[in-house]
Amino acid sequence: TRLKKATGRGNAVAVGGGGGGGMTPEDAAAMRKQMEEEIRAQMEANMAAMADMQDNTGVDRQQFNEEQLRLLEKEKEKDSTPHITNLNEDEALSGVIHHMIQSGENVVGRKDKDSDPSICLSGLSIQRQHAIFSRESEGVILKPGVVGAKTKVNGQSLNGDRTLMHKDRILFGSNHMYVYYDAANKETAEGTPDHVNWDFAQKEIVQAKGFQTGSDGQLSKEQQMAQEQVLELLPMVSESNAISEELNK
């Protein structure tokens, strides 16, 4: 803005000079000096603003690089460390939560002032010490925590120690569904598909409860509708049961 004003003033001087002596040489020299000072001040202000922008951009770039580095390290850790990854009814929300299973015992449970589990979950159906991952040289073992803590592996209730296999499905409580991954040992349980999703995990829970399920080509339209309703209601029924149990304590 200042630069434009100074340039305008220069134009006025030239016009005045051409009009026949409206300004003395001393006046012209003084105005030229003032214009130079204003232009110099504006240039210094512009340079300072550019330097400030570069500094801020540098900070943002550094933060971006640090975040990218953190994500890359997380990906590398997933390739070398057994871990569990979430499943969600919305496919876009699956695979966004990852819990690494470190050497030794990893407690799964609800965090409060008296407990600080390795893997924190929430909800009425989650106990303070809900389950325990034990990672040893021979593999990862999942075992129940406190009495009454409900956990399922591949649709079956966890009643004792169980050595996990790649892509095993784990349900903690009534709605925390995860898939176990072990890049070092990719042997899977019989019947495990290449891609494990929410529907598959829910169907095997329904089958374990005695309901008949099948693919679309094996079921009539009415059976398909009934199956979809059961799959939708199952998590809500489990949550309602958890609320009832909590109220009865």
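Things to note:
- Residue check, N154 at pLDDT 95 or above, touching a strand residue (DSSP E or B) at 6+ places or on another chain (Cβ under 7 Å) and either surrounded by fewer than 17 Cβ atoms within 10 Å (Cβ to Cβ) or under 22 Å from Q207 (Cα atoms) (or both): yes
- Residue match in segment 187-200 (condition: under 22 Å from E77 (Cβ atoms), modelled with pLDDT of 95 or more and in contact with a Ser or Thr (Cβ under 7 Å, 6 or more places away or on another chain)): no
- Residue list for segment 67-95, restricted to those being part of a loop (DSSP other than H, G, I, E, B), under 20 Å from D168 (Cβ atoms) and not polar (S, T, N, Q): P82, L87, E89, G95
- Condition met for S118 (touching a strand residue (DSSP E or B) at 6+ places or on another chain (Cβ under 6 Å), of a type outside the set (D, E, K, R) and at negative phi): yes
- Residue within segment 138-146 that is modelled with pLDDT of 95 or more, closer than 15 Å to H83 by Cβ and open to solvent by less than 20 Å² (accessible area, probe 1.4 Å) present: yes
- Within segment 96-110, considering residues that are touching a residue at least 12 places away in the same chain (Cβ under 8 Å) and in a loop (DSSP other than H, G, I, E, B), the one surrounded by the most Cβ atoms within 10 Å (Cβ to Cβ): I101
- Under the condition of being assigned to a strand (DSSP E or B), in contact (Cβ under 8 Å) with a residue 24 or more places away in the chain and in contact with a Phe, Trp or Tyr (Cβ under 8 Å, 6 or more places away or on another chain), the residues counted in segment 136-165 number 2.
- Of the residues making up segment 170-191, those that are more than 16 Å from L142 (Cβ to Cβ) and either touching a residue at least 24 places away in the same chain (Cβ under 8 Å) or of a type in the set (K, R) (or both) number 5.
- The condition of being open to solvent by 90 Å² or more (accessible area, probe 1.4 Å), at pLDDT 70 or above and not hydroxyl-bearing (S, T, Y) holds for only one of E66, E77, that being E66.
- Residue count for segment 64-108, restricted to those that are of a type in the set (A, V, I, L, M, F, W, C) and farther than 19 Å from Q129 by Cα: 9
The values are calculated or read from the model by the stated rules, or taken from the named source; none is laboratory data. Given the structure is predicted, the values throughout are model-derived calculations rather than measurements. Virtual Cβ from ideal backbone geometry, glycine too; neighbours counted across all protein chains shown. Side chains included, ligands, DNA and RNA excluded: accessible areas come from the protein's heavy atoms. Shrake-Rupley method; radii C 1.70, N 1.55, O 1.52, S 1.80 Å.
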